[in-house]
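Trainee: Provided herewith is a single structure, encoded as structure tokens, for subsequent inquiry.
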Amino acid sequence: RIAGYKCFYIPNVTIYHRRATSTSRAPEDLKVKLKYGFNKNRIATLFKNYELFTLFQSLPVVFLLYIAIGAFEIFYKRLLKFGLTRYQALGWFFINLPSLLNKRSRSQKIRVLSDKEAIIPYLTKGKMLTGFLNFVQSKKW
């Protein structure tokens, strides 16, 4: 979207996604690797694609959440391997910062929309925010 490609919002479309269906029976080591990949890719995507102002607002929050959720998974849920993936992803980010800076530079050069134009409309349409709030309130996490 930041490169100018069009994305469409179609309110009457329903998409069903069964989370972890393919990995529910996978060995724990594979699940840990997938969680690590997901965590590091989230940070890399934010870093490469957000404008500097948005990045300064969101990246510290993401880092703090990773630290807190990692501790929660380790000490409360007793899921050491899963909790450590948060810290490993943060370590990966700092080790790979030079490469990520290069990728960020390339990504920002093709930008034609601001974050406000590209991201905010999808967060304020109501559906995504409502879905997130419903998930948080369901306490299924």
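Taken together, the values in this text are just the output of simple stated rules run on the coordinates, not laboratory data. Source: prediction; values computed, not measured. Cβ atoms come from the backbone with ideal geometry, glycine included; neighbour counts cover every protein chain shown.
Trainee: Counting Lys and Arg as +1 and Asp and Glu as -1, what is the net charge of the other residues whose Cβ lies under 14 Å from the Cβ of Leu55?
Mentor: With Lys, Arg at +1 and Asp, Glu at -1, the net is +4.
Trainee: By how many nm would the segment from Ser99 to Ala71 lengthen if fully extended, with 0.36 nm per residue of separation less the alpha-carbon distance?
Mentor: Result for the pair: 7.3 nm of gain on full extension.
Trainee: How much net charge surrounds Asn96 when only other residues with a Cβ under 12 Å from its Cβ are counted (Lys, Arg +1; Asp, Glu -1)?
Mentor: Summing Lys/Arg as +1 and Asp/Glu as -1 gives +4.
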